[in-house]
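The values are calculated or read from the model by the stated rules, or taken from the named source; none is laboratory data. Remember, predicted model here, so these are calculated numbers, not experimental data. Here the Cβ positions follow ideal geometry from the backbone for every residue, glycine too, while neighbour counts run over all protein chains shown. Ligands, DNA and RNA are stripped out before the accessible areas are found, and what is left, the full protein with its side chains, is counted by its heavy atoms. Shrake-Rupley method; radii C 1.70, N 1.55, O 1.52, S 1.80 Å.
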Amino acid sequence: MRSLLTSAAISLAFTLFLTPVFLRLFRAWGWGQVIRTPEDIRNPSHGAKRGTPTMGGTIFIVGTIVGYLVGGYTGNNPPTVSGLLVLWMMVGFGVVGFIDDFMKVRSQRSLGLTGWRKIVGQILVTVPFGIVALQFPNRVNQTPASEYISVFRDLPLLSLFFLGPILGWLLYLAWISLIGVAASNAVNLTDGLDGLAAGSGIFVTGAYSLIAFWQVQQVCTNVAEAVQPACYATRDPFDLAIVSASFVGALVGFLWWNAPKAKVFMGDVGSMAIGGVIAAMAILTRTELLLLLVAGVFVIGPGSVILQRGYFKITRGKRLFLMSPFHHHLEMRGWSEVTIVVRMWIIAGLLAVSGVGFFYVEWLSRA
């Protein structure tokens, strides 16, 4: 417990007190926000944000790493392969986002990596993650990830290796890549208003920290799940709770400066890093399909984009929303930015709590 609290506190202090230092560096390096032309026209208030320091996601990425390592070692809980895998997804996706942001800042145009190049970069991060996650079994043969699709735990009838080892590995890596790419791009699409992605990310990652901490109390350590059906076959649940708590602390400190009116934007480096952490936590806690509920707030944005494009094609030019993602539609309807952000936080909290609630009810049904 000391490691968990220390990690969160150090990450919080890092981003809360050191963000102004980073902002001075960002301004000196010319890391100012570039606003898309359509947003300037349809949402004039967005034009005023031009030049605000961006790529702030690097701040909470560094803060998470510092908090996780210091908290873990001071509490005599050194890093495990599971915790390091979460950091890999956070940093790896953050690097992809950083490249995209840097290209935009350097050219002073909103043209960074193309969509497919982003996806290729994300896959290059998720494939090594997936390979390593099926290695390093502990003394009861638990690996960080598993070959099964999961909801509250692994579903024995949904093995990704049912077609044999070769096709099984391809199917498994495709599944892991789908989760990583979908989560990362979903957060990226949601990141359009001050504090929206950061605040929502706190609720979602906080929910996963609670899930991992509950699994610590019910982990399968020396008996088969068939003998003790309520236990969880998670390899390093306490370390997962530590790294996610550290990430939550870093996001809270960052939100102090990112809340409306933002002094710094997280950029793609930040939004993709949030998606990477969420995806990794879902995979490693064996709650992959539950992710749709826990992180439901991040489904709204991409869902509205898909509906908008589909409706546009079906009706040959008509629009379902004034603008997508959905939060921009609300702006066009006259909602203030603060109102949209706070209400989306409420939705994020309700969905995250609902996910944790269903997770607990499932345990009660087995206990």
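Here are the numbers for this structure:
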item: Residues of segment 326-346 satisfying the condition of being within 26 Å of residue 205 (Cα to Cα) and either in contact with a Phe, Trp or Tyr (Cβ under 6 Å, 6 or more places away or on another chain) or surrounded by 15 or more Cβ atoms within 10 Å (Cβ to Cβ) (or both); result: 326, 327, 328, 330, 337, 340, 341, 342, 344, 345
item: Residues of segment 104-131 classified as at pLDDT below 90 and exposed (fewer than 15 other Cβ atoms within 10 Å of the Cβ), total; result: 8
item: Count - residues of segment 303-325 that are open to solvent by 60 Å² or more (accessible area, probe 1.4 Å) and in a helix (DSSP H, G or I); result: 7
item: Of all residues in segment 170-203 being open to solvent by less than 30 Å² (accessible area, probe 1.4 Å) and not in a helix (DSSP H, G or I), the one that is modelled with the lowest pLDDT; result: 192
item: Failed item in (1) over 20 Å from residue 346 (Cβ atoms); (2) outside any helix (DSSP H, G or I); (3) open to solvent by 50 Å² or more (accessible area, probe 1.4 Å), with residue 264 passing the rest; result: (3)
item: Which listed residue, of 180, 115, is within 24 Å of the chain's Cα centre (by Cα), within 27 Å of residue 232 (Cβ to Cβ) and among the small types (Gly, Ala, Ser); result: 180
item: Output for segment 48-76, where each listed residue is polar (S, T, N, Q) and either part of a helix (DSSP H, G or I) or open to solvent by less than 50 Å² (accessible area, probe 1.4 Å) (or both); result: 52, 54, 58, 64, 74
